[in-house]
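Participant: Questions regarding the structure given below will be posed in turn.
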Amino acid sequence: MSLALVLVLVGGAIGAPLRYLTDLLVQARHDSVFPWGTFTVNIAGSLVLGALLGAASTGAVPEAVVTFAGTGVCGALTTFSTFGFETVRLLEEGSVAAALANAVGSLAIGLLAGAAGWVIAAALA
């Protein structure tokens, strides 16, 4: 088994329960149909991955850290499948505005968070 595979496995073993627990914690604090837990983990993961890649672009973070934290932890922390499912569920329940806000907001803010993470980390490195 390669080192990269082990790093991804261990990172995923951290990211998946972190996603689950964060989703539970965040969603419990909101009384709405909007999937705040999934939104939170996806935006946080985008920010962290952007920062990792920004730091790696300057040589401040080694490839093994990107493999572990980026592919493993962030890969398991963020979830496109749940985002898609929850958006469709909102549509099926008739919450068109919430579905649109989830889809557009997740993509736009996720991209902005990733870019912000990259810029901040690259500037600090």
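The values are calculated or read from the model by the stated rules, or taken from the named source; none is laboratory data. These figures come from a predicted structure and were not determined experimentally. Cβ placement follows ideal geometry from the backbone for every residue including glycine, while neighbour counts extend to all protein chains displayed.
Participant: Any residue in region 93-112 that is of a type in the set (Val, Ile, Thr) sitting within a Cβ distance under 9 Å of a residue that is assigned to a helix (DSSP H, G or I) and surrounded by 11 or more Cβ atoms within 10 Å (Cβ to Cβ)? List the pairs, counting only those 6 or more apart or interchain.
Facilitator: Val96/Leu90; Ile109/Phe39; Ile109/Asn42; Ile109/Ile43; Ile109/Ser46
Participant: When region 1-31 is examined, which residues are found to be within 20 Å of Ala64 (Cβ to Cβ) and at pLDDT below 95?
Facilitator: Met1
Participant: Regarding region 49-68, can at least one residue be identified that is β-branched (Val, Ile, Thr) and under 14 Å from the mean Cα position of the chain (by Cα)?
Facilitator: Step one: of region 49-68, the residues β-branched (Val, Ile, Thr) are 58, 61, 65-67.
Add one more test, that the residue is under 14 Å from the mean Cα position of the chain (by Cα), and what stays is none.
No, that holds for no residue.
Participant: For residues that are over 20 Å from Ile43 (Cβ atoms) and aliphatic (A, V, I, L, M), scanning just region 89-100, find the one that is surrounded by the fewest Cβ atoms within 10 Å (Cβ to Cβ).
Facilitator: This residue is Val96.
Participant: Here is a check on your reading of the model: is Ser106 of a type in the set (Ser, Thr, Tyr) and exposed (fewer than 13 other Cβ atoms within 10 Å of the Cβ)?
Facilitator: Here the answer is no, as Ser106 does not meet what is asked.
Participant: With respect to the numbered conditions (1) over 16 Å from Leu107 (Cα atoms); (2) of a type in the set (D, E, K, R); (3) touching a residue at least 24 places away in the same chain (Cβ under 8 Å), which one is the sole condition not fulfilled by Glu86?
Facilitator: (1)
Participant: Looking at this structure, is Phe39 among the hydrophobic types (A, V, I, L, M, F, W, C), under 25 Å from Val119 (Cα atoms) and at pLDDT below 95? Reasoning before the result, please.
Facilitator: Details: among the hydrophobic types (A, V, I, L, M, F, W, C): yes; under 25 Å from Val119 (Cα atoms): yes; at pLDDT below 95: no.
Criteria not met by Phe39.
Residue-wise test of (1) in a helix (DSSP H, G or I); (2) in contact (Cβ under 8 Å) with a residue 24 or more places away in the chain.
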position: Pro17; (1), (2): yes, no
position: Tyr20; (1), (2): yes, no
position: Phe34; (1), (2): no, yes
position: Phe39; (1), (2): yes, yes
position: Leu47; (1), (2): yes, yes
position: Ala51; (1), (2): yes, yes
